[in-house]
Amino acid sequence: MRGAPTILHLDMDAFYASAEQAAKPSLRGKPVIVGGLGPRGVVATASYEARVFGVHSAMAMAQARRLCPNAAFLTPRFTLYRQVSDAVMALLHTLSPLVEPLSLDEAFVDLEAGGTEPTAEAARAVGERLRNDIRAVTGLTGSVGLAGSKMLAKIASEQAKPDGLVLIEPGTERGLLGPMPVRTLPGVGPATAEALRRAGIHTVAETREAGEAELVRLLGRAHGSSLFLMANGRDERPVVAERDAKSISVEDTFDVDLTDRTRVQLEIARLADRCVRRLREAGRSGRTVVIKVRRYDFTTLTRSETLRGPTDDPGVVREAAARLIEGVDTTAGVRLLGVGVSGLADYTQEDLFAQAAQAARAAEAAQAAQATEAARGAQAAQGARAAHEALEDVRRTPGPATPEHVGAGAGEASEGAGKPRRWLPGSDVRHAEYGAGWVQGSGVGRVTVRFEEPWSEPGRVRTFAVDDPALEPTEPLPLLRPEEAAGRGGAVGLDRDGGPGEAVGRGGGGGPARVGGLEEAVGRGGGSERAVGPEEVAGRGGGAGPERGGGPEEAVGREGSVDLERVGGPGEAVGRGGGGGPARAVGPEQAVGRGGGSERAVGRGEGAGPARGGGPREAAGRGGAVGAGPADAGPAAPGGGHQPGREQGRGRGQPVTSSP
């Protein structure tokens, strides 16, 4: 426990949701929920506008939809989040060499190790400067807590949210902690809190008054003793720059319970391969293979097998996981599967017996594959003869249904037509004519895209076929224009090519350093520079939440799930002030008054009609046809017909509407 508040805890405010709002001007001030969009998805982050409705992290996405149905529901974009996180972590490394990242958006910093004077005034000045630099580099906000221990610094940052700074003066810890619930203390989870509740202990003050002996009796010696120290405000844990991972794991939650035994085995094999990829990316090997099975009734089983030595061989891990799943009854249904490797090491010790067995099995599989291929060849020959005969019959049949000309690539086109591209809500796209945008929703062969950039006005919405060749997925744009960020106190924002670059002037010019795509130039009164590598946190394939430790149980958006979220309409009137000022053209046939009360009308019918009435208006069909006039009419949705736009006033912080 230090006598000065020189331990800093930074926690970005609603990180994923704030990044999405910064990247999408039409979502600013509106509820945004990021997470898995499937039936069993989990909320990763909710914006503060959505939290008003009771939505919070780790909540089931189905419940979040019931509480806040008009929110924008988006899949995570970990590429963007890692870019922003790299820029933030680089700023933290300019303060001290001892930075302990906890996740993409959270970290401890030992300011004393960085040369900060051990006084409350100096620590507060550093914290305020850090908040300003983060806003300049990323456009986002973070909350800072300062205290003499890690526990109190984290509590202070929670009290500072959103976008604030709280410093806990040494000597005030006991009075601050006393009225707080016991769950505030680190290491107190639901089970520990329930054990304390049964003993009549609810607050930190009551925990302290119970005494160390009573806590040891209730919780055991190690847990009881540490809890007593923390209840008294004592936390001696140091800030550790390199945290050694104890295990590496992956897991998936399924939209529908798996009952087919073959499907369960295939999923286990797939998860084992993903786990080994993460293992190799970390440059590690492991000795113990663990599987996790959560059944339909939420009962969770784990099984493990320890190998003769550490390995990163995908075949060995896959076979060990297959042996483990054989001993688990999955006939009643499985909602979650996971594969992990523990007992990590920095070297590999190959198991010769396992390799020999694997080679024998591979030979048997090759023989079986040859036999199967031969059988398929015979069947293919028979099928080709039958197809040739059928084609001859068609050619001999007169009638207009017979095509006159068939292109060379018709076979490939027809095959690809049955596999439309997936467009997940929130993902980045680029259109050959309209430029950069993001997916609002997709379904029934259509995809709706809003075309806007982080530094532009709220953009127009257009609808395309899911296989439109002019529409392509793309990488996220930076949250700030590089030239705009450069004018904010000398800070340069994220590079357009994905690597965050920054230059933070602090009284002098620093030379740029580049490590792993991260550019940083930090001047501290002279030409000093510090190169910091990006922190890599693997996300879940298919749209899952962040993984911490063993990986959270985050549902992945499945291939069959369709999200038809509609953001920004129907009926939106944005007043820019009073009086009748000049209008500024934003898009084709659309004008938004800067000085006068401009209004925007979105129709519930189909097609687009001309603007009429007093102010400039924009009429848009709910089925995706959007336009500001006849020259800009979008494609008509089924059911056609024109219906005039309906005007509704709308404040900046109101819910976003959804279309079915």
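The values are calculated or read from the model by the stated rules, or taken from the named source; none is laboratory data. Every value quoted in this text rests on a predicted model; they were computed, and no experiment measured them. Neighbour counts are summed over all protein chains in view; Cβ atoms, including those assigned to glycine, are modelled from backbone coordinates with ideal geometry. Ligands, DNA and RNA are stripped out before the accessible areas are found, and what is left, the full protein with its side chains, is counted by its heavy atoms. Shrake-Rupley method; radii C 1.70, N 1.55, O 1.52, S 1.80 Å.
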So, in the stretch 138-190, exactly how many residues are closer than 23 Å to PHE15 by Cβ, of a type in the set (Asp, Glu) and open to solvent by 60 Å² or more (accessible area, probe 1.4 Å)?
1
Within the stretch 424-448, work out how many residues are aromatic (Phe, Trp, Tyr) and buried (at least 23 other Cβ atoms within 10 Å of the Cβ).
1
Might you let me know whether the stretch 300-322 holds any residue that is touching a helix residue (DSSP H, G or I) at 6+ places or on another chain (Cβ under 6 Å), open to solvent by less than 60 Å² (accessible area, probe 1.4 Å), closer than 30 Å to MET61 by Cβ and assigned to a helix (DSSP H, G or I)?
yes
So, of the residues in the stretch 94-134 that are of a type in the set (Val, Ile, Thr) and closer than 16 Å to ALA156 by Cβ, which turns out to be surrounded by the most Cβ atoms within 10 Å (Cβ to Cβ)?
VAL109
Residue pairs meeting the criteria (Cβ under 6 Å; at least 6 apart or on separate chains; first buried (at least 16 other Cβ atoms within 10 Å of the Cβ), in the stretch 215-231; second of a type in the set (S, T, N, Q)):
ALA231/THR207
Give me a count of the residues in the stretch 58-80 that are in contact (Cβ under 8 Å) with a residue 12 or more places away in the chain and farther than 22 Å from PRO476 by Cβ.
10
Tell me, which strands (runs of 3 or more DSSP E) lie completely within the stretch 5-108 with 2 or more residues that are under 27 Å from VAL461 (Cβ atoms)?
32-35, 43-46, 72-74
Scan of the stretch 71-85 for residues that are surrounded by fewer than 24 Cβ atoms within 10 Å (Cβ to Cβ) and not hydroxyl-bearing (Ser, Thr, Tyr), ordered by number
ARG77, PHE78, LEU80, ARG82
Considering the stretch 10-22 alone, what residues qualify as being in contact with a Leu (Cβ under 8 Å, 6 or more places away or on another chain) and open to solvent by less than 10 Å² (accessible area, probe 1.4 Å)?
LEU10, MET12, ASP13, PHE15, ALA19, GLU20
Search the stretch 264-299 for residues being part of a helix (DSSP H, G or I) and aliphatic (A, V, I, L, M), and hand back the single one that is surrounded by the fewest Cβ atoms within 10 Å (Cβ to Cβ).
LEU266
Run ALA374 past the list (1) surrounded by fewer than 11 Cβ atoms within 10 Å (Cβ to Cβ); (2) assigned to a helix (DSSP H, G or I); (3) at pLDDT 90 or above and report the number of the one that doesn't hold.
(3)
